[in-house]
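Have a look at the structure below before the remarks.
The values are calculated or read from the model by the stated rules, or taken from the named source; none is laboratory data. Just so you know, these numbers come straight off a predicted model, no measurement behind them. Counting neighbours? That spans all protein chains shown, and the Cβs are built from the backbone with ideal geometry, glycine included. When the accessible area is computed, the model is the full protein with side chains, heavy atoms only, and any ligands, DNA or RNA have been set aside. Shrake-Rupley method; radii C 1.70, N 1.55, O 1.52, S 1.80 Å.
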Amino acid sequence: MVEDGTILCESTANKYGYLTTEKTYRNFNLRVRFKPEAKGNSGVFLHSHITGDDPKDGPAIEGMQVEVDPSVGNHTGGLYESGGRGWVVQPTAEAEKALKPGDWNELEVSVHGNHIVTRLNGVQMVDHTDAASKYTDGSIALQIHTGGGVRMRWKDIYVQQTTD
């Protein structure tokens, strides 16, 4: 839903939700602002692929996810591979303090093939070259996690495709 110039994502019980780009990307820079308004995580998927739609659980997705969580210490800015290895790399405990719970946060993601750098509010969260990368291109997707009661606002989304 669009509300007050933002994209408002709200979860429903037992269903995941994704808002994906129509275009696929390999190399790009992404900036997005997010504001968590309730407990429960979300994320930004990179090089993602919708693999099916289960009537019970909602869409299934594979790809690398940049974690977005409303609480410090829950790895916002870390990389999680859905449909694969799970956690690939998490930010340091010190870096995780960059999160501003209940306020607007700026997430920057730089993706060049299998090299991903994330920054949260100007603080580098991860710098990772993935030797076991499953995907090197795909859509970008905003995720709302299942569970009911999860609320996340997104705005100021900027994607710049790069050639390197």
Just check the range 70-164 against the gyration tensor rule for me: Cα atoms, a ≥ b ≥ c as the square roots of the eigenvalues, rounded for a/c under 1.5, and otherwise prolate or oblate depending on whether a/b exceeds b/c. rounded
How much of residue 125 can a 1.4 Å solvent probe reach, expressed as accessible area in Å² and rounded to 10? 10
What shape does the range 106-146 have by the C-alpha gyration tensor, where a ≥ b ≥ c are the square roots of the eigenvalues, rounded means a/c under 1.5, and otherwise prolate means a/b greater than b/c and oblate the rest? oblate
Stretch gain in nm, segment residue 94-residue 158, where the contour uses 0.36 nm per residue and the Cα spacing is subtracted: 20.3 nm
Which order, highest average first, do 44-53, 100-109 follow once you tally other Cβ atoms within 10 Å for each residue and take the mean per peptide? 44-53, 100-109
So for the pair residue 23, residue 51, with labels modelled 7 Å out along Cα→Cβ, what separation do we get in nm? 2.7
Which pairs in the list 23/97; 39/97; 23/100 are over 29 Å apart, alpha-carbon to alpha-carbon? 23/97; 23/100
In terms of the ratio Rg/(2.2 N^0.38 Å) built on C-alpha atoms, what value belongs to the chain? 0.95
Lys and Arg at +1, Asp and Glu at -1: neighbours of residue 104 with Cβ under 13 Å from its Cβ sum to +1
In straight Cα distance, which aspartates and glutamates are under 20 Å from residue 35, not counting same-chain residues fewer than 8 positions off? 3, 4, 10, 67, 69, 96, 103, 106, 108, 156
Of the options 123, 70, 142, report the single residue whose Cα projects farthest towards the positive end of the charge dipole of the chain (beta-carbon charges: Lys, Arg +1; Asp, Glu -1). 70
